[in-house]
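First the structure, in the form of structure tokens, and then the observations on it.
The values are calculated or read from the model by the stated rules, or taken from the named source; none is laboratory data. Quantities reported herein were computed from a predicted structural model and do not represent experimental measurements. All Cβ positions, glycine included, derive from the backbone under ideal geometry; neighbour counts span all protein chains shown.
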């Protein structure tokens, strides 16, 4: 039912969308310039027609974040979701740095090896910053850009790069605590009925992957993603900005700022929606992505 590279706890999933996506998680031995060894990279691929859509998850997350959105997109377009380097169920090889530069390189090799044609690139939260970074360096690989409550406009907290042992380890272990993850989940949604045990499990399964602690610590100490504010006017691709009106994680100001900074962009506000429109309002999100034109 589930591939054996996934943690055994995945069998505890109960919701149909979660089970279906988990059953579709594949793994490829991806050759990159980051290591002489291939990186076991996990992804989901559904659909076969139209311009390919590539989904990028948020911070400390996995492809399971797209369990409600991906099937809706795949009904109309070929759709991919990938676990970014250092995150999800993708292998954390020793000797590889985990920072925005290596994430971008790994993503490029994934795109080049498995897709190799211009995509509709969709980034959620931190995945939006990854998408912006990617399109700035590889503009020919992206036909359209979609930002879902995206990071990348305002600079993130810089304190991570100044964390030293034992404080770096303690900070990462703090994120492992069930009560901490539960509060983050609750803050992401307006509709608290969606913060189910299954949703909490989806948000935590990747913590079982070997190297989770070390990779997250390394990424945090790298400083993570800063502000792309000064480079946003270089983005020429039509860009859709979807933003929950009740985002309690990033707030709402950056939605307007992205729209102003990216020339060919459209901002759509989603009512009764928090930080995760792809989970809270997947049907509307899918329709917006599939119908977007400028």
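For the condition within 30 Å of residue 138 (Cβ to Cβ) and loosely packed, with under 13 Cβ neighbours inside 10 Å, what is the one hit in 230, 215?
230
Quick one: count up the residues across the range 15-50 that are more than 17 Å from the chain's Cα centre (by Cα) and part of a loop (DSSP other than H, G, I, E, B).
Selection size over the range 15-50: 14.
What is the number of the single condition among (1) closer than 19 Å to residue 155 by Cβ; (2) part of a helix (DSSP H, G or I); (3) out of contact with any strand residue (DSSP E or B) (no Cβ under 8 Å at 6 or more places or on another chain) that residue 184 does not meet?
(1)
For the range 34-55, name all the residues that are surrounded by fewer than 17 Cβ atoms within 10 Å (Cβ to Cβ) and farther than 22 Å from residue 118 by Cβ.
Listed by number, the residues that qualify are 35, 36, 37, 38, 40.
Cβ contacts < 6 Å: first residue surrounded by fewer than 17 Cβ atoms within 10 Å (Cβ to Cβ), restricted to the range 256-285; second residue modelled with pLDDT under 95 and in a loop (DSSP other than H, G, I, E, B), any location; separation 6+ or different chain. Result?
264/294
For the structure I just gave you, tell me whether residue 91 is touching a residue at least 40 places away in the same chain (Cβ under 8 Å), within 23 Å of residue 18 (Cα to Cα) and part of a helix (DSSP H, G or I).
no
Conditions first: (1) over 14 Å from residue 83 (Cα atoms); (2) more than 16 Å from the chain's Cα centre (by Cα). Residue 109 passes all but one, so which condition is the exception?
Result: residue 109 fails condition (1) only.
Condition first: part of a strand (DSSP E or B) and closer than 22 Å to residue 96 by Cβ. Now tell me which residues in the range 51-79 satisfy that.
Applying the first criterion (part of a strand (DSSP E or B)) to the range 51-79 yields 53-56, 79.
54, 56 - these are the residues of the range 51-79 that are part of a strand (DSSP E or B) and closer than 22 Å to residue 96 by Cβ.
Please tell me if residue 232 is at pLDDT 95 or above, within 23 Å of residue 269 (Cβ to Cβ) and in contact with a strand residue (DSSP E or B) (Cβ under 6 Å, 6 or more places away or on another chain).
Spelling it out, it is not the case that residue 232 is at pLDDT 95 or above, within 23 Å of residue 269 (Cβ to Cβ) and in contact with a strand residue (DSSP E or B) (Cβ under 6 Å, 6 or more places away or on another chain).
Looking at (1) in a loop (DSSP other than H, G, I, E, B); (2) surrounded by 24 or more Cβ atoms within 10 Å (Cβ to Cβ); (3) out of contact with any strand residue (DSSP E or B) (no Cβ under 9 Å at 6 or more places or on another chain), which is the only condition residue 103 fails?
Of the numbered conditions (1) in a loop (DSSP other than H, G, I, E, B); (2) surrounded by 24 or more Cβ atoms within 10 Å (Cβ to Cβ); (3) out of contact with any strand residue (DSSP E or B) (no Cβ under 9 Å at 6 or more places or on another chain), the odd one out for residue 103 is (1).
Answer yes or no as to whether residue 79 is free of Cβ contacts under 8 Å to residues at least 40 places away in the same chain and either in contact with a strand residue (DSSP E or B) (Cβ under 9 Å, 6 or more places away or on another chain) or more than 19 Å from residue 286 (Cα to Cα) (or both).
Criteria met by residue 79.
Which condition does residue 25 not pass, out of (1) in contact (Cβ under 8 Å) with a residue 40 or more places away in the chain; (2) touching a strand residue (DSSP E or B) at 6+ places or on another chain (Cβ under 6 Å); (3) within 27 Å of residue 265 (Cβ to Cβ), if it passes all the others?
(3)
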